[in-house]
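The values are calculated or read from the model by the stated rules, or taken from the named source; none is laboratory data. Quick caveat, the model's predicted, so the values are computed rather than measured. Neighbour counts run over all protein chains shown; Cβ positions are idealised from the backbone, glycine included. Note: areas computed on protein heavy atoms with side chains; ligands, DNA, RNA excluded. Shrake-Rupley method; radii C 1.70, N 1.55, O 1.52, S 1.80 Å.
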Amino acid sequence: MAIVLFMSLDPDSKKWLTQRLGANVKFDEPMSKHTYFRIGGPADAFISPQSRKDLFEVIDWSRQRELPYMVIGNGTNLLVKDKGIRGLVIVLTKCLNKITQTQTAKEEITVTAESGVRLQTLCRHAIKFGLGGMNFAVGIPGTAGGAILMNAGTSYGSIEDVLSSVNVMLTEGQTVRIESELLDFKYRNLSWDKAINTKERDQIIVLEGCFRLWPSDSKELKKEAQEFLQERTKTQPTRFPSAGCFFKNPLGDKSAGQLIEMAGLKGKKIGGARVSTQHANFIINYGKASAADVLGLMEFVQETVSNTFDIDLEPEVKIIGS
Ligand code: EPU
C-alpha cells in the first residue's frame, strides 16, 4: 500500500484560498487558540467559511486537489498534537449557525439546528420557547454537529434521545437526510455503518440535526437547567482549560473518575498537565501544558488503572494531528 505523506500547502493553494476567502483563512494558525485545552500546534490553513456556498466550494476544491481537510466544532473535545495539523481545518460556527423550528405533531416540535450552532445556544432556545427535551445537555460545551457525532450526553440523557434525523454531506458533495432509525448510536459514539455505504465515512460532514422536542413550561425548564448547571460547577473543574471528561466511562459500576481517584491519581502531574483534584476524569492544562504532557499523563493513568483494576480506559477526547 502506498503511503502518501502530505507535507504542507503549496503556494498555488495558498493563493486560491486567500483570493477566495480573504480574512477567513489563516495560515500556520496555532490550534491552541481554537481548543478549550489551549493546546495544539499549527494548522496549515484554518478556515472559517461565512456561508454554505463558501463551505461547499472549499470542500469541493480541496477534494479535487486531494488536499486533506478536517471539520471541527468549536474545539471543546479535542487534543491537537504539538506538531499541528497538515492540510485544512474547517470550522462551521459562522456558516452553519441557524436554528429553526416547526410544529410536526400536536405534542411535538422539531427544532433544526445547523451544525455550527453551539449546543448551549440550542439549550437556551429550547428553554426560551418552552420546549422540553434538551435540558440533559445544559452545560455541555461544543457545537450541535460535534455533539451529534459523539452522541454527547450526561447522566440525564444523550443526543440519541432527541435526534430525529440529520442532514449530511457525503464525500462526493451530495447531501442526504438520514432518519434516526438508521443512525447507530452507542455510548459517546455515532456510527454511519447502517446508513451509508462508503469507505470514507470519516469524511462525512454533518450539516444539521433535527431534534424532536415537546411543549413544556419555560419557567420550569429554566429552573431545572439552573440546578443541572449548579451541580456541574460543584463537581467539575472550571478554572483551568480542559477538554471535559477525558475518558469514556467503562462498562461496570465504577465511573472513570472513580477508578482514577481510587488508583490514587488525583493531582498527578506531568509537565503542565494534571489530573484534576476536583474530578479525576478531567486532565487540566495547569500551566502551559504541551500535548505531549497530556498524552504522557493519559498513558500513565491508563497503565495505572489497568494494573490496579484490570480495566482499560478509552479516551473520550478526540486526539488529532501529528
Ligand atoms: N467520582 C469520584 N471521583 C471523581 C469523580 C467522580 O468518585 O473524581 C464519582 C462521583 O462521586 C459519582 C460518580 O463518580 O458517584 C460519577 O461521577 P459524575 O456524576 O461526575 O459523572 P461522570 O460519569 O464522571 C458523566 C459525564 C460528564 C457529565 C456528568 C454529569 C462521561 C464520560 N462523563 O461524568 O460529561 O457532565 O456525567 O452528568 O460520560 C464530558 O462528557 O465531557 C463530561 C464531563
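Observations
- The range 196-241, subset among the hydroxyl-bearing types (Ser, Thr, Tyr) and modelled with pLDDT of 95 or more, residue surrounded by the fewest Cβ atoms within 10 Å (Cβ to Cβ): Ser218
- Every condition in (1) within 21 Å of Gln203 (Cβ to Cβ); (2) surrounded by fewer than 19 Cβ atoms within 10 Å (Cβ to Cβ) is met by Pro49 except one, and the failing one is (2).
- Residue within the range 13-20 that is closer than 23 Å to Gly142 by Cα and in contact with a strand residue (DSSP E or B) (Cβ under 9 Å, 6 or more places away or on another chain) present: no
- Restricting the range 266-276 to residues that are more than 8 Å from the ligand (Cβ to nearest atom) and within 14 Å of Pro241 (Cα to Cα), the residue that is most open to solvent (accessible area, probe 1.4 Å): Arg274
- The strands (runs of 3 or more DSSP E) found entirely in the range 166-265 that carry 2 or more residues being of a type outside the set (Lys, Arg), farther than 19 Å from Gly142 by Cβ and more than 11 Å from the ligand (Cβ to nearest atom) are 175-179, 205-215.
- Criterion (in contact with a helix residue (DSSP H, G or I) (Cβ under 6 Å, 6 or more places away or on another chain) and either buried (at least 23 other Cβ atoms within 10 Å of the Cβ) or among the basic types (Lys, Arg) (or both)) met by exactly one of Val80, Val58, Val89: Val80
- A search for C-beta distances below 7 Å between a residue of the range 223-235 that is in contact (Cβ under 8 Å) with a residue 24 or more places away in the chain and closer than 12 Å to Cys123 by Cβ and any residue that is within 13 Å of the ligand (Cβ to nearest atom) and open to solvent by less than 100 Å² (accessible area, probe 1.4 Å), counting only pairs 6+ apart in sequence or on different chains, returns Glu224/Asn135; Ala225/Asn135; Ala225/Val138; Phe228/Asn135; Phe228/Val138; Phe228/Gly139; Leu229/Val138; Leu229/Gly139.
- Wholly enclosed strands (runs of 3 or more DSSP E) of the range 34-112 bearing at least 3 residues basic (Lys, Arg) and farther than 30 Å from Tyr286 by Cα: none
- Tally, over the range 128-165, of residues that are outside any strand (DSSP E or B) and under 28 Å from Ala243 (Cβ atoms): 25
- Residue check for Leu78: within 16 Å of the ligand (Cβ to nearest atom) and more than 18 Å from Cys210 (Cβ to Cβ): yes
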